[in-house]
Structures are given as structure tokens and as C-alpha cells.
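Single-structure report; data block below.
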Amino acid sequence: MKTNIFSIRILVPLFMMLLSASACKKDPNEGLGAPRLFKPGGISIKTEATSAKITWAAPVLSAKLNLSYLTEFSQDSTFSSSEFSIKTDTIGAVVTDEKLIVRKKYYVRVRAEATATQPESQWQVSSGFSITGEQLFLPVRELEILETQFTLRWKPTAGLDKITLTPKDGTATNLPISASEATAGVKTVSGLLPGTTYASEIFLGSRSKGLLEISTLATTVYTTILNSGADIVAAVNAAGNNAVIGLNPGTYSAGSANFTLLQKSVTLKSTSGNPKDTKVNFKEFTLRGTGAGIGLDGIELDGKASGSLYFINPTGVLADAEKAEFASVKINNCIIHSATTSFLRANRGAAAGDYKIDQIVVKNSVVYDIGSTLGYICFHLDKLQFNALSVTKSTFYDIGQAFLSCSTVIAGSPPIITVDYCTFNNFGANGRYIFMDAGANPVRFSMTNSIIANVPRPSGTVNGVTMRATGAGTTLVFSYNNTFNFTNGSGAALTQPSANTSQAGNLAIGLGWDVTTNNFTLPATSPLRTAGSSGVAIGDPRWTY
């Protein structure tokens, strides 16, 4: 009997404990205060360029209640201060760049407001977010960046009223935008410091509508500066190696004389940076012997008056057959025209590789009326051992029978040939491979983001394949280009080589150009404005905006 009494005394407390535990499980909210149960759920944020959409889950105790919410925005995760707040009766809010400063990090917190039966809830806090802002600025043209000024372009927009210009580690300056400038979409900023990086931000009222970072060019140290009418041939022929000759605006004439670069490299550069106000009438730039090279920047070069055959003509010191290692050819922001035979003829060496050069660079330039006699190629580089040919952001039209020939087999690393963001019109003849004839010479060729039209020249014929390049190790890329009126001259469309060639994103959209066209501006609604490899316009950028 004692044993039974002891068992009952033990079991009764255990039974009561189980009942108590069971009762607790029936109310999962017991012990939770109303502010906690009334708290909104997790916050979700979706950002776009000029806005952020904030949403959250309704509180647990929100059924059948007409709730309102307070959202507070702060640049401080502790909310020691608040930038602004919004009240709403929905589980979401949208804020725009009218309130948010673009590229600034914000935090948002949300609470349910008090009702007749409930106090206000606790805060639900988000992680950080920001909006990137609208980008109305267009990319800056390289040729419009000078030492003390640059030109800003944007999508024409009424209401834009100022640009804030801030040099690195300097003080911001506000530049007003007039109503006409806003709708024209362009402003030249002058009085800048050379070699300085500036942040340029454009505003519509208090809202940022674009940001660019631009660095002005470093100060050019000129060896000498000439004025219009000076004897420019004598100045070049007398200059020392690596001399930089500045040309003030005006016209300079070579007459019947060649510019002779005898085992030296010289740069001619306009002081204005504008080829439309600085012109040189040339007959030929002759590069003679090892070390000879040429740099040209910001100049119009016209060969018509002097009856030019070649623009650049490398040769030996005394004879063509001499071996020579030339300095580089670098051309930027120039307008070059009227040489009847070739832009650059470099095939005079006695044997393959007797002539050598590191780089040939042409950028931000316009080249036309070259090779009209159809005797040589625009870039006639047979026998020349070169490391790189780079032609970018430039326009070529009326340039003769083909663009490039480099068909002599030369031992060593294949040259790298790059053509990018260029516009071509009206060239090709005599059955040539219009882009390149490399023969069995190994090359690495890339033509991208370019527009090619009206091939061949009137009454001409060209090979049905654009390139010949069969050397071991050759690679060819032809991508993100647009071609039209692009045939062999007998009605058949031109094709790219079947071997060693990769292609992507090419188009065939007509633009209405003919063989006389010299203004290649893209139509405002043209799909070519977004057809590039990075989603921007193809062709020479000068024709985009």
C-alpha cells in the first residue's frame, strides 16, 4: 500500500506539468508584446536608375485592420538622423530622385502606426541601397579633349540648368546651362587645368541627370611654334629627333618639296587642337632610315596642291634597298586627303623584313581621296615587318582598290591588326581582297563595330571574299559590323573567309549612302545606334552625335 501511495504522488505532478506544456503550445504568441507582433515583415527593395520601390510584409496582427505605415529614410544605418519620411496605407512605397540623391547609400525603416487598439509597432530596418541615376551624358569624343578645355554632349533635354565641375581634390564650380544649350545638347568648357581629372555632373533642378569623369591632356612641351606662312619644310628638316613642332592656326605649304625625316622622328601638332583651322599642304612625308618616324595631331593635310603621290613613304637613307628599323607612325585627330597612289607605302625593302616598324596608329581621323589611280593599296605593307596596325574611331572613303596588303611571309610573331569603330564608304577595285590580303603571312586581324558601304567603286570588281589570310596561326574576327551595297561588283554579296574566322552580331541595314556621300550621320532612330559590342553606336563616333 505504501508503494501505491508513493506512485500516485509522483504521477500527479508529472500529469499537471504535461497539461501545462500542452496549454502553452496552443498559443504561439503568448509572451510576445503587441509592438512585436504588430511589426511589419522583411523589407524588399527594387532599384532602377531614378527610383526605388520599397515593399514589406504585412504584420502578423494585421487581419481586418486598416493600417498605415511610416517609412523613414536615412544615410545612417543607426538612424541617428532622418533625411525624409513617407506615410502610406499600403505595404509599399516608391521614392524617386526627387528625394533620393543618386549614388548615395540609404537605409529605410518601416513601422505600423498606432490604431485605436494597438500601439505603434517596432521598426523593421532594411539593408543599404542606392540608385545610380539617369545618364544623359554621351561619351566624350577623344578629339574634343584638349589641354585646357573639353566638350560635353548630352541627350537634348529641356530644363537642364547647370553642370557642376569638380577637379580632383578641388572645389566644385557651377556652370549654368542656357535653354538653347539644354536642347542643343552640347557645351564646351574652357579655362581648365592641363593634366587634371574633372567630375562633371549635369542637373535638372536639384536632380542629377548624369555624371562623367574626364581628364584633360597634359601640357604639350613644344620645341618650337610656327605661325602661318612659315617655312614648315625647313623647320621639319632642321628639327632634332623627337622634336614637337607646334602650328598656330593658318595654312602652311610645302610646295614641291618633301618633308624629310632623316633617321629622326618629329611630331607636328596644331596648337588649337582643331584640324579645321590648321592646314598643311604636303607633297610627301619621307621616312629615311632607321629611327625615322612621324607624329601628326590636329591638322588637315592636303596633298592636292603639291600633286602628292604618297602620304607617308618609308625608304632607306640613300637607297630603297637599305635595311631600316623605323620609329612609329602615329596620327590623331587629322583630316588627310588627296594622295593619288597610297596612304602609306612600305614595300620598298629588298627582302621580306628588311623594313621594320613597331606601330602604325591612326585614330579620330578622316581619310579620303587616296589611291585614286588604283595602283597601290591604301596601307601597302608588303615586305614590312610590323608589330601592330591600329585604326580606330576614323572614317575612310574614296580610298582606292583595297584597305590593306601585307602578303609577304615574314618570320616572327604575327602582327596585330585592329579596326574598331570606323566608317568606310566607296572603295575596292581590280579584283582585290577589299579588307586585307595577307596571303600565307600569319596575322591576327580584328574588324569590329564598323560600317562598310558601297563596295566596290563604280564599275569596279573585287574578290568575292573580303580577306585572304591562310598563314598558320592566323585568326580573323569580323563582328558587330554593318554592311550594305556590299558586293563583288557583279551582283554577288561579299563573304568572309570560311577558315580561321569568328563572327557575331553583324547586320546588313541600308543607310541610303551612295558613292558621293561624305556625311555619314546615323539617323536618330537607327538600330545601329545600339548595335555595338557594348550596346553603343557602331561606326566612327563623330557621326553619332
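The values are calculated or read from the model by the stated rules, or taken from the named source; none is laboratory data. The structure displayed is predicted, hence computed values, not measured ones. Don't worry about glycine lacking a Cβ; one is built from the backbone with ideal geometry, like all the others, and counts go over all protein chains shown.
Within the stretch 466-478, the residues that satisfy the criterion of being closer than 20 Å to Cys422 by Cβ and buried (at least 17 other Cβ atoms within 10 Å of the Cβ) are Thr466, Met467, Ala469, Leu476, Val477, Phe478.
When every residue of the stretch 418-441 is checked against the conditions, at least one turns out to be in contact with a Pro (Cβ under 6 Å, 6 or more places away or on another chain) and either aliphatic (A, V, I, L, M) or closer than 18 Å to Ala493 by Cβ (or both).
Within the stretch 422-431, is there a residue that is at pLDDT 95 or above, among the β-branched types (Val, Ile, Thr) and over 21 Å from Tyr355 (Cβ atoms)?
yes
Report, by residue number, each residue of the stretch 436-462 that is surrounded by 24 or more Cβ atoms within 10 Å (Cβ to Cβ), over 22 Å from the mean Cα position of the chain (by Cα) and in contact (Cβ under 8 Å) with a residue 40 or more places away in the chain. Scanning the stretch 436-462 gives Ala453, Val462.
From the list Gly191, Gly185, the lone residue that is touching a strand residue (DSSP E or B) at 6+ places or on another chain (Cβ under 9 Å) and in contact (Cβ under 8 Å) with a residue 24 or more places away in the chain is Gly185. Entry remark, the stretch 193-231: residues being among the aromatic types (Phe, Trp, Tyr) and closer than 19 Å to Leu152 by Cβ number 2 in total. Restricting the first member to the stretch 473-493 and to residues that are free of Cβ contacts under 8 Å to residues at least 12 places away in the same chain, and the second to residues that are crowded, with 16+ Cβ neighbours inside 10 Å and among the hydroxyl-bearing types (Ser, Thr, Tyr), the beta-carbon pairs closer than 6 Å and six or more apart or on different chains are Ala493/Thr487. Taken over the stretch 419-473, the criterion of being closer than 22 Å to Val367 by Cα and among the basic types (Lys, Arg) is satisfied by Arg432, Arg457. Number of residues in the stretch 84-111 that are in contact with a strand residue (DSSP E or B) (Cβ under 8 Å, 6 or more places away or on another chain), under 24 Å from Gln135 (Cα atoms) and in a loop (DSSP other than H, G, I, E, B) equals 8. For the stretch 40-65, the set of residues classified as more than 20 Å from Gly128 (Cα to Cα), of a type outside the set (Val, Ile, Thr) and touching a residue at least 24 places away in the same chain (Cβ under 8 Å) consists of Ala58, Pro59, Leu61, Ser62, Leu65, listed by residue number. The number of residues in the stretch 202-230 being closer than 30 Å to Gly255 by Cα, free of Cβ contacts under 8 Å to residues at least 60 places away in the same chain and not in a strand (DSSP E or B) comes to 7.
I'd like to know if the stretch 194-201 contains one or more residues that are part of a loop (DSSP other than H, G, I, E, B), under 23 Å from Ser272 (Cα atoms) and small (Gly, Ala, Ser). Checking the stretch 194-201: at least one residue is part of a loop (DSSP other than H, G, I, E, B), under 23 Å from Ser272 (Cα atoms) and small (Gly, Ala, Ser).
Somewhere in the stretch 311-332, is a residue under 17 Å from Asp369 (Cβ atoms), touching a Lys or Arg at 6+ places or on another chain (Cβ under 9 Å), at pLDDT 95 or above and in a loop (DSSP other than H, G, I, E, B)? Within the stretch 311-332 (the criterion being under 17 Å from Asp369 (Cβ atoms), touching a Lys or Arg at 6+ places or on another chain (Cβ under 9 Å), at pLDDT 95 or above and in a loop (DSSP other than H, G, I, E, B)), the answer is no, since none of the residues qualifies.
If you filter the stretch 64-83 down to residues that are among the hydrophobic types (A, V, I, L, M, F, W, C) and part of a loop (DSSP other than H, G, I, E, B), you find that the one that is modelled with the highest pLDDT is Phe79. For Gly128, the conditions (1) surrounded by fewer than 18 Cβ atoms within 10 Å (Cβ to Cβ); (2) over 30 Å from Ala218 (Cα atoms); (3) touching a Leu at 6+ places or on another chain (Cβ under 6 Å) all hold with the exception of (3). Hey, could you check the stretch 493-526 for residues that are closer than 19 Å to Met436 by Cα and of a type in the set (A, V, I, L, M, F, W, C) and say which is surrounded by the fewest Cβ atoms within 10 Å (Cβ to Cβ)? So, considering only residues that are closer than 19 Å to Met436 by Cα and of a type in the set (A, V, I, L, M, F, W, C), the one surrounded by the fewest Cβ atoms within 10 Å (Cβ to Cβ) is Ala499.
Scanning the stretch 429-452 for residues that are of a type in the set (Gly, Ala, Ser) and either in a loop (DSSP other than H, G, I, E, B) or touching a Leu at 6+ places or on another chain (Cβ under 7 Å) (or both) turns up Ala429, Gly431, Ala440, Ser450. Where strands (runs of 3 or more DSSP E) sit wholly within the stretch 361-428, those with at least 2 residues that are under 18 Å from His337 (Cβ atoms) and out of contact with any Lys or Arg (no Cβ under 9 Å at 6 or more places or on another chain) occupy 366-370, 395-397, 423-425.
When the stretch 349-360 is examined, which residues are found to be assigned to a loop (DSSP other than H, G, I, E, B) and touching a Phe, Trp or Tyr at 6+ places or on another chain (Cβ under 7 Å)?
Within the stretch 349-360, just Gly349 meets the criteria.
Considering only the stretch 503-510, I want to know if a residue exists there that is without any contact (Cβ under 8 Å) to a residue 12 or more places away in the chain and either touching a Pro at 6+ places or on another chain (Cβ under 9 Å) or not hydrophobic (A, V, I, L, M, F, W, C) (or both). Checking the stretch 503-510: not a single residue is without any contact (Cβ under 8 Å) to a residue 12 or more places away in the chain and either touching a Pro at 6+ places or on another chain (Cβ under 9 Å) or not hydrophobic (A, V, I, L, M, F, W, C) (or both).
When you look at Ser534, is it exposed (fewer than 15 other Cβ atoms within 10 Å of the Cβ), over 23 Å from Gly400 (Cα atoms) and without any contact (Cβ under 8 Å) to a residue 12 or more places away in the chain, yes or no?
yes
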